[in-house]
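A.B. asks: This is the structure I have questions about; it appears just below.
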Protein chains: 2
Amino acid sequence: MGVPDPTRILSIQSHVVSGYVGNRAATFPLQMLGYDVDVINTVQFSNHTGYGYTNGCKTTADELTAIFEGLRTNGLADYSRVLTGYIPGADALGVVGNEMRRLMESKGVVYLLDPVMGDIGKGLYVSSDVIPVYKDLLKIATIITPNQFEAELLSDVKITTMSTLCDALTALHTTYGVKHVALSSIPLPVSLVSTLGVPPPPTSYTRLLPESHPPWYDAVGVAEGNEEVLVCFSSTCTNGELETYAFALPTIRGYFSGVGDLFSALVLGHYLRPDNVSSDLPLPPLAFAVSRALLTVQQILLRTHMFSLNVAGSGTATPKPLREGTPPADSIIPSDTELDNAPPLNPSDPKRRARRMRVREMRVVQERALIADGGEGWPCVRVDWETAKLRSAHTSISET
Amino acid sequence: MGVPDPTRILSIQSHVVSGYVGNRAATFPLQMLGYDVDVINTVQFSNHTGYGYTNGCKTTADELTAIFEGLRTNGLADYSRVLTGYIPGADALGVVGNEMRRLMESKGVVYLLDPVMGDIGKGLYVSSDVIPVYKDLLKIATIITPNQFEAELLSDVKITTMSTLCDALTALHTTYGVKHVALSSIPLPVSLVSTLGVPPPPTSYTRLLPESHPPWYDAVGVAEGNEEVLVCFSSTCTNGELETYAFALPTIRGYFSGVGDLFSALVLGHYLRPDNVSSDLPLPPLAFAVSRALLTVQQILLRTHMFSLNVAGSGTATPKPLREGTPPADSIIPSDTELDNAPPLNPSDPKRRARRMRVREMRVVQERALIADGGEGWPCVRVDWETAKLRSAHTSISET
């Protein structure tokens, strides 16, 4: 096998006919960045499961085996980067795992593994027999992008303080030998985020915010006081030493699908391989990739949110205000659950939830110029773990 | 059902993991044009069949039924444009056909049907029981994009002269009530093309040609004398009157896959719906769409060809010169078949054909700026059928 073409990526994830999760959230953005993306679809569903109803089919382990065999026979399984996301079932994941081990025999292949298994509040949404298969597969991954739920599951550490967060990251690095971990988001109290010195959103993001603050502004504002802010951590382990960066993200209320899939794809797309890192890179390679990925993801999310609010005149997309208390009457916005449970305004049209999901599909195609642009990156701060642990000793960071 | 979103396209075609045919040739270019493309994959193969070896699976009629049901249940089957291409098997095509009939009940939906069934020299490459299903489906299509083989099969007219070409187009329009036919390419003698007054390639295309003529230049040059030129025809029928435009295309020797799929997608993408046509449009809507589509397709094809020639130092991609006779020794370039049958230069690497196919995969991702640009369009001439028939009465235009 020759030197892999540096622009060739293989992405193995779900396919939905309509909307943007899995490969549908990853392929187009990576193509916009100039990558020649090969696409293996692990399912073909009509739409993502957030709609409440989904129909379609899964790609079986045998079918995946046949596809890989076809690629190898033609000398096409020659990638410089590989991305794996949602793969339903241990059998299919086993087939993918074997192929990944084969691919990683080529020197310098970058493998980003997104261990899609579940989420805080939703629990496990894959069969539990995939957990050991993922744990085994972690050993060959270059970068992993777990969310909090997945990080806890894989590290066997419950994240409740900065100290246990550090333990979880350390366990991921040392138990599995993973060099790079991007922990997509953990809710932290604002007070702690201030203590860590995590900087506010970049100007290219705040420019998008409307000048006057309509009732829904709270939903995209930065939290205050004892409220929570989502924080993303990028962590690289070199010779047992953790180098961790923290990125504070605005909270957008309401459910958006595929955000993690877009994030993982862009982290892989923006990650500079060791042979390509220049000395004037403002951050280490993983933190740099996360910074670029977050700017695009957060901008697309905000623009999608603003689009969904524009459509909200019809009552289909309404976020709950971030602040509790007694807001003015005209800013009382019911939650998604309240809306779904309310009697339909138009009894002949019960598809409120599906419509809400539709207008919240990420606007990756409409905002394609923004993906290509890249921008200045999302600001971050390097975490001083000793100080962070000390200062947050009595602050519980998670109550889940 | 409300007014369909004008940017929403449904595309139903094949999916290959690696390379650019079917949906892989259609989706990204349409997204580059700003369309929100929903994608139903009728197969998932490792690569296109030109490689000589392919592995993967087909989407069954039952699976397609499930997917459409999911889309409808969520109110997502609400498209302003639909594109269908390769659909293997009469059962699957029947399911798609029923869904198309349902979709066409919405006013103003544009349906481009590419009746992918076979090609001159290759014959039928789908099961023959799809032919009647296609014939039935033609009755609801807005635009069809057959190649010569398919046009003959559907019209039951053998195209051998300008007169029979006119008969075939007329039959397609009148038998099935299709308003727009884009006949992707027919080889015509240069003398006849001159008679018709079909203009040469546009300057944005000729700019791409190298200033000095290397031995392979002939392969992309315009033919002379009694050689053949590929001609594309766009034909619109209004009240029984044919309005036909002819576009002359340079002949690039060597086999490229997915060209027809890219062409069909771009014709649909550039087609202006009747409610959106401005009076200063230089051509009628179909001819305009074909003109824009051809410029992009031909430029991508030429750039792909030039890329494959750059790699040809390794002997993997070599076109046959257009002109016969006794060329200089250093410009004798063996044909694809000769190369495939030659003993391999490196006996341990028998994958010459697969490698050649790989370097000839259309460069849609690399040339994405060109797709978004659009350019001036490919030049054409309106066909004066009476004169054309008269002048070509004794010229056979096809010997297949």
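A.B. asks: Could you count how many residues in the stretch B:133-175 are farther than 20 Å from residue B:116 by Cβ, hydroxyl-bearing (Ser, Thr, Tyr) and touching a residue at least 60 places away in the same chain (Cβ under 8 Å)?
C.D. replies: Result for the stretch B:133-175: 5.
A.B. asks: While we're looking at this one, here's another question. Which of the residues belonging to the stretch B:96-124 are in contact (Cβ under 8 Å) with a residue 40 or more places away in the chain and loosely packed, with under 15 Cβ neighbours inside 10 Å?
C.D. replies: The answer is B:108, B:121.
A.B. asks: Filter the stretch A:202-215 for residues that are within 24 Å of residue A:260 (Cβ to Cβ) and out of contact with any Pro (no Cβ under 6 Å at 6 or more places or on another chain); which is modelled with the lowest pLDDT?
C.D. replies: Per the criteria, the residue is A:209.
A.B. asks: Also, I was wondering about something else. Based on this model, can you work out whether residue A:175 counts as over 17 Å from the mean Cα position of the chain (by Cα), assigned to a helix (DSSP H, G or I) and surrounded by 18 or more Cβ atoms within 10 Å (Cβ to Cβ)?
C.D. replies: When the stated conditions are applied, residue A:175 does not pass them.
The rows are residues; the columns are (1) under 24 Å from residue A:65 (Cβ atoms); (2) in contact with a Gly (Cβ under 9 Å, 6 or more places away or on another chain).
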position	(1), (2)
B:38	no, yes
B:47	yes, yes
B:62	yes, no
B:65	no, no
B:81	no, yes
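A.B. asks: Within the stretch A:22-31, track down each residue that is closer than 22 Å to residue B:83 by Cα, more than 8 Å from chain B (Cβ to nearest Cβ) and in contact with a helix residue (DSSP H, G or I) (Cβ under 7 Å, 6 or more places away or on another chain).
C.D. replies: Result: A:25, single match.
A.B. asks: Could you list, in sequence order, all residues of the stretch B:280-296 that are part of a loop (DSSP other than H, G, I, E, B) and touching a Cys at 6+ places or on another chain (Cβ under 9 Å)?
C.D. replies: B:283
A.B. asks: Would you confirm whether or not the stretch B:105-128 contains a residue that is within 24 Å of residue B:174 (Cα to Cα), over 20 Å from the mean Cα position of the chain (by Cα) and within 14 Å of chain A (Cβ to nearest Cβ)?
C.D. replies: no
A.B. asks: Somewhere in the stretch B:138-152, is a residue more than 29 Å from residue B:255 (Cβ to Cβ), assigned to a loop (DSSP other than H, G, I, E, B) and within 14 Å of another protein chain (Cβ to nearest Cβ)?
C.D. replies: no
A.B. asks: Of the conditions (1) within 24 Å of the chain's Cα centre (by Cα); (2) closer than 20 Å to residue A:130 by Cβ; (3) surrounded by fewer than 19 Cβ atoms within 10 Å (Cβ to Cβ); (4) facing chain B (nearest Cβ under 9 Å), residue A:7 fails just one. Which one is it?
C.D. replies: (2)
A.B. asks: Please go through the stretch A:50-65 and pick out each residue that is over 23 Å from residue A:96 (Cα atoms) and without any contact (Cβ under 8 Å) to a residue 60 or more places away in the chain.
C.D. replies: The answer is A:54, A:55.
A.B. asks: Further, regarding this structure: Here are some residues: A:123, A:108. Which one is among the small types (Gly, Ala, Ser) and under 26 Å from residue A:60 (Cβ atoms)?
C.D. replies: Going through A:123, A:108 in turn, just one is among the small types (Gly, Ala, Ser) and under 26 Å from residue A:60 (Cβ atoms): A:123.
A.B. asks: Is it the case that residue A:80 is surrounded by fewer than 21 Cβ atoms within 10 Å (Cβ to Cβ), within 20 Å of residue A:261 (Cα to Cα) and in contact with a strand residue (DSSP E or B) (Cβ under 8 Å, 6 or more places away or on another chain)?
C.D. replies: Yes.
A.B. asks: Let me ask something additional. Only residues that are touching a helix residue (DSSP H, G or I) at 6+ places or on another chain (Cβ under 6 Å), farther than 19 Å from residue B:42 by Cα and either buried (at least 24 other Cβ atoms within 10 Å of the Cβ) or more than 7 Å from every other protein chain (Cβ to nearest Cβ) (or both): list them for the stretch A:32-71, please.
C.D. replies: Listed by number, the residues that qualify are A:32, A:33, A:37, A:50, A:51, A:52.
Conditions tested, residue by residue: (1) in contact (Cβ under 8 Å) with a residue 24 or more places away in the chain; (2) among the acidic types (Asp, Glu); (3) in contact with an Asp or Glu (Cβ under 9 Å, 6 or more places away or on another chain); (4) within 18 Å of residue A:259 (Cβ to Cβ).
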residue	(1), (2), (3), (4)
A:4	yes, no, yes, no
A:7	yes, no, yes, no
A:12	yes, no, yes, no
A:24	yes, no, yes, yes
A:29	yes, no, no, yes
A:39	yes, no, no, no
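A.B. asks: Can you work out which of the residues in the stretch A:72-89 that are more than 9 Å from chain B (Cβ to nearest Cβ) and polar (S, T, N, Q) is nearest to residue B:358 (Cα to Cα)?
C.D. replies: A:80
A.B. asks: Could you tell me which residue of the stretch B:356-388 is farthest from residue B:34 (Cα to Cα), considering only residues that are modelled with pLDDT under 85 and of a type outside the set (Gly, Ala, Ser)?
C.D. replies: Of everything passing the filter in the stretch B:356-388, B:356 is farthest from residue B:34 (Cα to Cα).
A.B. asks: Could you say which residue among A:275, A:261, A:280 is surrounded by 24 or more Cβ atoms within 10 Å (Cβ to Cβ), among the acidic types (Asp, Glu) and farther than 23 Å from residue A:195 by Cβ?
C.D. replies: Only one candidate qualifies: A:261.
A.B. asks: So if I check each of A:337, A:400, A:296, A:326, which one is loosely packed, with under 15 Cβ neighbours inside 10 Å and at pLDDT 55 or above?
C.D. replies: The match here is A:337.
A.B. asks: Kindly indicate whether residue A:154 is within 18 Å of the chain's Cα centre (by Cα), over 20 Å from residue A:271 (Cα atoms), surrounded by 21 or more Cβ atoms within 10 Å (Cβ to Cβ) and at pLDDT 95 or above.
C.D. replies: Yes.
A.B. asks: Pick out the one residue from A:169, A:192 that is on the phi < 0 side of the Ramachandran plot and under 20 Å from the mean Cα position of the chain (by Cα).
C.D. replies: One residue alone meets the criteria, A:169.
A.B. asks: Sticking with this one: Starting from residues that are in contact with a helix residue (DSSP H, G or I) (Cβ under 6 Å, 6 or more places away or on another chain) and of a type in the set (Ser, Thr, Tyr), keep the ones in the stretch A:256-280 and report whichever is nearest to residue A:381 (Cα to Cα).
C.D. replies: Once the filter is applied, the top-ranked residue is A:271.
A.B. asks: Mind listing whichever residues of the stretch A:255-279 are outside any loop (DSSP other than H, G, I, E, B) and not hydrophobic (A, V, I, L, M, F, W, C)?
C.D. replies: Across the stretch A:255-279, the qualifying residues are A:260, A:261, A:264, A:269, A:270, A:274, A:275, A:276.
Quick grid of which residues meet (1) at pLDDT 95 or above; (2) over 20 Å from the mean Cα position of the chain (by Cα):
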| position | (1), (2) |
| --- | --- |
| B:18 | yes, no |
| B:25 | yes, no |
| B:37 | yes, no |
| B:44 | yes, yes |
| B:52 | no, yes |
| B:61 | yes, yes |
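The values are calculated or read from the model by the stated rules, or taken from the named source; none is laboratory data. These figures come from a predicted structure and were not determined experimentally. All Cβ positions, glycine included, derive from the backbone under ideal geometry; neighbour counts span all protein chains shown.
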